[in-house]
């Protein structure tokens, strides 16, 4: 299990700069072509009928069993004119959800660890959640995440607002590499 | 291809907007209307190998102006590495995903290269899993055809130049049943014809993905992405690869030649015309109605060795068309109608056994739209090392394909050098609706 965590952090990174097809946010939560929809409870956004934080191109890595871990990836967009920080993530599919980042180690590896303080998303800007980089880690899965399933993840912002993304589960073998960095604390998170 | 044909495109009047990448989606379709119809071998009666691709060269600039419906799903954001793709040329050409609710890859110009990859649903996959598969594929297909990144693709740069990529999803009766729906009677193996020497390895399957593209590397990437996506759900049943003239080697719209050297596809119905629409698209209500069609994919081995023994005039007589330009042996240019009554002495110039005569049943409704590809495996030996991936689209295979094939099986001189070794029928569902997915009609 620990190996898988570190492997995920080492997986090649994705450039998710493509279309806003998946997980495009909307207060009225219409399903898009991949079946994702997003709702938000952001008070400020509700006033404008627009979510401040949304997740585009969201996807979740499929797992072999419920003992595995998984990650949520995508492009986090902030449509408001104020910086927002993602401070928490939750999911009905996982017993434990953490915001993870990776940091390089002196020996050339990288370590995944919980991101303290969360992820700031600049006003009008976006940040990427990618394999091998920042992401939402899903642990203590309630069940095996099978390709084609939909996983809901709710992000909570520093202002208390939330945004829920429905992400398709996709087979992704990159995170199966069993690379265990030595001399680091990749198992501590 | 003429300007007239361009305007025959049903979407040609679509409102113009923007000059972003989405605009270029129109490129391929404009050229689609130039698809040539054809004679040629196989089922010539109203069948054809149509034009070479679309949206290339000069076609792209006037393609600017996408209809909003051309991009129902997905955005057409330009990937970061787009600078590596030549603009305004073959590489950037894209083809609209869902013109009038129809999947690309039927009425759109065929790419130079094709892959048909068939799957059978893995055991234990219920309707819900299959639905998930179709959703994932629909998203991938939409993105790949636009040249935008597929989710979780670690090598998206390989897909930056769509090069008129089309990906068409077809479903067999096995998948239809697996989700609890009832397949129409025509969605089944064709009747056995006496000329057939079918190999089960090219036979019926639960799903087919038809990929055509002008860039073989883009094509390989798209095929790989879809394989990765499909791995949890299906086993590969077979793969068939084909090709036509390379884009740019002949004017766009030139009718393809097959490996016998024949101009193949002259008398095809022309995409964008009422004739084409009536012959190809299904109508009516229900999952198998409006916007769908059917694909018949026959693998026809061509015996190049025995064909070598035939002299040029005999070759032309077997077809009823000249080898030089595909015009009727009774005179005229490629598109001119053959004179079936013309006589030389006491016998007709076009022999009774000629393909161009045999492939016409005399019933205008018994015609099909051919969109095939050559295949050749230079390293192979045996009878199936070269031939034709005979792909035809028609509203109803039994009412349209079958009468022609039955007539050809009875008598057609070309049977002397050709043998069908594979045969499969698929339903081509309508394009995904906005927010929907391919094959969604099966679940409602």
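With the structure loaded, tell me whether residue B:400 is under 25 Å from residue B:265 (Cα atoms) and either in contact with a helix residue (DSSP H, G or I) (Cβ under 8 Å, 6 or more places away or on another chain) or within 14 Å of chain A (Cβ to nearest Cβ) (or both) or whether it fails that test. Spell out how you get there, then give the answer.
Values: under 25 Å from residue B:265 (Cα atoms): yes; either in contact with a helix residue (DSSP H, G or I) (Cβ under 8 Å, 6 or more places away or on another chain) or within 14 Å of chain A (Cβ to nearest Cβ) (or both): yes.
Here the answer is yes, as residue B:400 does meet what is asked.
Output the number of residues of segment B:412-443 satisfying the condition of being at pLDDT below 90, away from chain A (no Cβ under 14 Å) and in a loop (DSSP other than H, G, I, E, B).
Number of matching residues: 1.
So residue B:184 fits all but one of (1) under 29 Å from residue B:278 (Cβ atoms); (2) in contact with a strand residue (DSSP E or B) (Cβ under 6 Å, 6 or more places away or on another chain); (3) surrounded by fewer than 21 Cβ atoms within 10 Å (Cβ to Cβ); what number is the exception?
(2)
Being more than 27 Å from residue B:254 (Cα to Cα), away from chain A (no Cβ under 14 Å), out of contact with any helix residue (DSSP H, G or I) (no Cβ under 7 Å at 6 or more places or on another chain) and outside any helix (DSSP H, G or I) is true for just one of B:184, B:191, B:110. Which residue is that? Spell out the reasoning first.
On the way: B:191 fails: out of contact with any helix residue (DSSP H, G or I) (no Cβ under 7 Å at 6 or more places or on another chain); B:110 fails: more than 27 Å from residue B:254 (Cα to Cα).
Of B:184, B:191, B:110, the one residue that is more than 27 Å from residue B:254 (Cα to Cα), away from chain A (no Cβ under 14 Å), out of contact with any helix residue (DSSP H, G or I) (no Cβ under 7 Å at 6 or more places or on another chain) and outside any helix (DSSP H, G or I) is B:184.
Report, by residue number, each residue of segment B:142-158 that is facing chain A (nearest Cβ under 10 Å) and touching a residue at least 40 places away in the same chain (Cβ under 8 Å). Before you say what the answer is, go through the steps one by one.
Step one: list which residues in segment B:142-158 are facing chain A (nearest Cβ under 10 Å), which gives B:142-143, B:146-157.
Within segment B:142-158, B:142, B:143, B:146, B:147, B:148, B:149, B:150, B:153, B:155, B:156, B:157 meet the criteria.
Regarding residue A:131, is this residue within 14 Å of chain B (Cβ to nearest Cβ), in contact with a strand residue (DSSP E or B) (Cβ under 9 Å, 6 or more places away or on another chain) and modelled with pLDDT under 95? Break it down into steps so the answer makes sense when it comes.
Numbers: within 14 Å of chain B (Cβ to nearest Cβ): yes; in contact with a strand residue (DSSP E or B) (Cβ under 9 Å, 6 or more places away or on another chain): yes; modelled with pLDDT under 95: yes.
Against the criterion (within 14 Å of chain B (Cβ to nearest Cβ), in contact with a strand residue (DSSP E or B) (Cβ under 9 Å, 6 or more places away or on another chain) and modelled with pLDDT under 95), residue A:131 qualifies.
So residue A:90 ticks every box in (1) within 14 Å of chain B (Cβ to nearest Cβ); (2) within 16 Å of the chain's Cα centre (by Cα) but one. Which box is left unticked?
Here residue A:90 clears every test but (1).
Can you say whether residue B:387 is in contact (Cβ under 8 Å) with a residue 12 or more places away in the chain, more than 14 Å from every other protein chain (Cβ to nearest Cβ), over 15 Å from the mean Cα position of the chain (by Cα) and farther than 26 Å from residue B:318 by Cα, as far as the supplied structure shows?
Details: in contact (Cβ under 8 Å) with a residue 12 or more places away in the chain: yes; more than 14 Å from every other protein chain (Cβ to nearest Cβ): yes; over 15 Å from the mean Cα position of the chain (by Cα): yes; farther than 26 Å from residue B:318 by Cα: no.
No: the conditions fail for residue B:387.
If you check B:395, B:409, which single one turns out to be away from every other protein chain (no Cβ under 14 Å) and either crowded, with 23+ Cβ neighbours inside 10 Å or closer than 17 Å to residue B:191 by Cβ (or both)? Break it down into steps so the answer makes sense when it comes.
Details: B:395 fails: either crowded, with 23+ Cβ neighbours inside 10 Å or closer than 17 Å to residue B:191 by Cβ (or both).
The match here is B:409.
Out of all the residues in segment A:134-151, which are away from every other protein chain (no Cβ under 12 Å) and in a loop (DSSP other than H, G, I, E, B)?
Residues satisfying the conditions are A:134, A:142, A:143.
Please determine whether any residue of segment B:262-275 is closer than 18 Å to residue B:394 by Cβ, in contact (Cβ under 8 Å) with a residue 60 or more places away in the chain, surrounded by fewer than 19 Cβ atoms within 10 Å (Cβ to Cβ) and more than 15 Å from the chain's Cα centre (by Cα).
Yes, segment B:262-275 contains at least one residue that is closer than 18 Å to residue B:394 by Cβ, in contact (Cβ under 8 Å) with a residue 60 or more places away in the chain, surrounded by fewer than 19 Cβ atoms within 10 Å (Cβ to Cβ) and more than 15 Å from the chain's Cα centre (by Cα).
Here is a yes/no grid of residues against (1) surrounded by fewer than 22 Cβ atoms within 10 Å (Cβ to Cβ); (2) within 18 Å of the chain's Cα centre (by Cα); (3) within 14 Å of another protein chain (Cβ to nearest Cβ); (4) without any contact (Cβ under 8 Å) to a residue 24 or more places away in the chain:
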| position | (1), (2), (3), (4) |
| --- | --- |
| B:199 | yes, no, no, no |
| B:208 | no, yes, no, no |
| B:239 | yes, yes, no, no |
| B:260 | no, no, no, no |
| B:286 | yes, no, no, no |
| B:296 | no, yes, no, no |
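The values are calculated or read from the model by the stated rules, or taken from the named source; none is laboratory data. This structure is a prediction, so every number in the text was calculated from the model and none was measured. Cβ atoms come from the backbone with ideal geometry, glycine included; neighbour counts cover every protein chain shown.
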